Each structure stands twice: as structure tokens, then as C-alpha cells.
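The values are calculated or read from the model by the stated rules, or taken from the named source; none is laboratory data. Model, not experiment: these values are computed from the prediction. Glycine also receives a Cβ, built like all others from the backbone with ideal geometry; neighbour counts cover every protein chain displayed. Only protein heavy atoms, including side chains, enter the accessible area calculation; ligands, DNA and RNA are left aside. Shrake-Rupley method; radii C 1.70, N 1.55, O 1.52, S 1.80 Å.
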Amino acid sequence: MQEKKIAVITGASKGIGAATALVLARDGFDIWLNYRSDHTAAAAVARQIEELGRSCILLCFDVADPAAVKESLTPLLDLETPLVLVNNAGFTKDTLMVWMGDSEWKDVLSVHLDGFFYITRLLLVGMLKKRAGRIISIASTSGQSGMPGQVNYSAAKAGLIGATKALAAETSKRNVLVNVVSPGFIETDMIDGLPTERILPMIPMGRIGKPEEVAEVVSFLCSNKATYITGQVIAVNGGAYM
Ligand code: NAP
């Protein structure tokens, strides 16, 4: 019998995280689905995962809160070791640097970087012991090219890229492969309200991406087709940054 495969996905009540949870469930993973506040949306994703024949455990916590991370995950990790972690939870608090308050800076860095640190550190132990793991963090074009109004977010996403490369160097000998998927503009709540007429000219493919187009790249990185890729940044951006 094939061994049970578990994927942990943060920020998966909607958007790219939800699409990733569904694609990985289709691929045969049971899902531990983290989100922060939207119980209804998370429950709907869990139902869809169960319709695909996989189990889903809902984990409502703030990834930037180390006590909540530990309290939610430790009892589960005592019993099972996930093969996959997708660090996807994120949000923006955009404003020009001259107007940026301390909380806009700290909150954005904290969710992306502290969140990555607390959860990855916890899951890493089991993956290293088992000599098997895939850790994928969702960065952004903003962390590669820099975006005005996003000094905080660009710093956080660039930080994720650096952290990923360092961790890949630490863990790859034990077959724990660590990569970044870096989306451009993707149709989710996050970009709701942004002026499409100003975004489209920045994208050579001339359209906004779909969450599933990001999720399929994560799926590939979690599969047996991606056994020699680590420390990389794979962009899914329609050519917006080359
Ligand atoms: P989204 O639709 O706004 O969804 C964000 C998800 O993250 C929600 O499930 C939300 O949970 C969760 N979340 C936010 N803060 C959290 C926290 N502190 N702890 C736990 N969960 C938290 O966003 P998205 O567009 O899918 O973005 C997903 C990732 O892709 C983010 O890292 C984002 O930076 C990145 N990204 C997005 C785009 C884009 O154009 N959309 C482009 C590049 C990169 P609740 O709603 O339940 O609170």
C-alpha cells in the first residue's frame, strides 16, 4: 500500500492557497489547511478536498504568532510527518515609504518572514529525520523587481527568497528540497480593486494569471518529476519580470 502523503498549506481559505490545496488533494495529498479568519471559505475548501477523496484538517491560526503555530501543529506532528509545506499565507499593506508606519512595516515582514520561520522550523525536524520533504514558499515579482508602494512587501518577499536559498543549502543532502514560486499578478482578493488598465501593459502575455496556474507549478515541485530542483525561484508571471 502507498504511504499516506500530507501537505500543509498556509493561507488556504481562498486564492492561491485554496487552489494549491485542491490541486495537491487531486495529486493524492491529505491536507492540513491553515487560514486566519474566514471560517466559511475554509470550510468550503475542506468540503471540496473531501469530495476529491482526501482528508482535510482545518487549522485556524495566525502564522506570525509563534505560540499559536506551536499549539496547533505540535499535536499533529507528534503523530505524522508531512511531506510538503507550502508557505503561502500573506497580505499587503501598501503605501509609499514616506507615509509608512511602523505597524505597516512590521506586520508585513512578520506574516511573511516570521510565519515562514516558525512553521518551517517546526516541520523541518520530521522531514530531516525522514529524509524527505518539499518546502515551497510563495514570494512575488515584487520581491524580485521591487514595486513602488511596496517597500515592506518587496523586502518580505525578497527575504523569503534569501531564506529559501540558505535553507536549501542546509537541507538538500537530506533530500529536503526548498524552492520559491514567485507569482506576478494573479486573480485573487489580494489584487481586487487594482486598476487593470495600469496592470495589463506591464504583462507581456497581456492578461492576469489564475490561481490554478500557480498551483500547478507547486504541484510539479511536490511531485516525483521534480527530484533535482532546489534553491530555485520559479516565476509564474506571464513575463512581467524576466
Ligand atoms: P488572498 O486571496 O488574499 O488569500 C490570502 C490567504 O492568506 C487567506 O487564506 C488568508 O486567510 C491567509 N492569511 C493572511 N494572513 C494570514 C496570517 N497571518 N495567518 C494565516 N493565514 C493568513 O491572497 P492570494 O492572492 O491568494 O495570496 C497568496 C500568496 O500569494 C501571498 O503570499 C501573496 O503575497 C502571494 N502573491 C499573490 C499575488 C497576487 O497577485 N494575488 C502575486 C504575488 C504573490 P483568511 O482570509 O482566512 O484570513
Quick calc, segment 17-84, dipole around Cα centre from Cβ unit charges on Lys, Arg (+) and Asp, Glu (-), nearest 20 debye, gives 160
Short version: ³J(HN,Hα) in whole Hz for each residue of segment 27-36, in order, from phi by Karplus 6.51 cos²θ - 1.76 cosθ + 1.60 (θ = phi - 60°), x for Gly and Pro, what are they?
6, x, 8, 7, 10, 9, 10, 8, 7, 9
The extension gain from Glu187 to Arg26, computed as 0.36 nm times the residue separation minus the Cα-Cα distance, is 55.8 nm
Of the options Leu22, Leu58, Ile161, report the single residue whose Cα projects farthest towards the positive end of the charge dipole of the chain (beta-carbon charges: Lys, Arg +1; Asp, Glu -1).
Ile161
Based on DSSP H runs of at least 4 residues, each adding -39500 (n - 2.57), what is the mean residue ellipticity at 222 nm of the chain after dividing by all its residues, to the nearest 500 deg cm²/dmol?
-13000 deg cm²/dmol
How many percent of the accessible area of segment 120-242 is carbon or sulfur, using a 1.4 Å probe?
56
Dipole moment magnitude, nearest 20 debye, segment 5-236 about Cα centre, only Lys, Arg, Asp, Glu C-beta charged
920
Listed residue (Ala7, Ala41, Leu113) projecting farthest to the positive dipole end of the chain, Cβ model:
Ala7
Protein-only accessible surface order, largest first, of Ser103, Ser182, Ser72 at 1.4 Å
Ser103, Ser72, Ser182
Cα gyration tensor shape of segment 5-236, rounded if a/c is under 1.5, else prolate or oblate by comparing a/b with b/c:
rounded
Pick out the long, greasy-scoring helices in the chain: whole DSSP H runs spanning 15 Å or more along their own axis by Cα, mean Kyte-Doolittle at least 0.5.
15-26, 66-77, 115-130, 211-221
Enter the accessible area of Ile31 (Å², nearest 10), with the probe set to 1.4 Å and all protein chains included.
0
Take Asp78, Asp38 and sort them by solvent-accessible surface of the protein heavy atoms, 1.4 Å probe, largest at the top.
Asp78, Asp38
Lysine pairs with alpha-carbon atoms under 14 Å apart, segment 5-236, spacing 8 or more or separate chains
9
Please state the relative contact order of the chain as a whole percent: Cα pairs under 8 Å, 6+ residues apart?
20
The alpha-carbon center of segment 7-47 and that of segment 55-121 are separated, in whole Å, by 15
Taking the Cα centre of segment 115-234 as the origin, how large is its charge dipole in debye, to the nearest 20, when only Lys and Arg (+1) and Asp and Glu (-1) carry charge on their Cβ atoms?
800
Accessible area in square angstrom per residue, the chain, 1.4 angstrom probe:
49
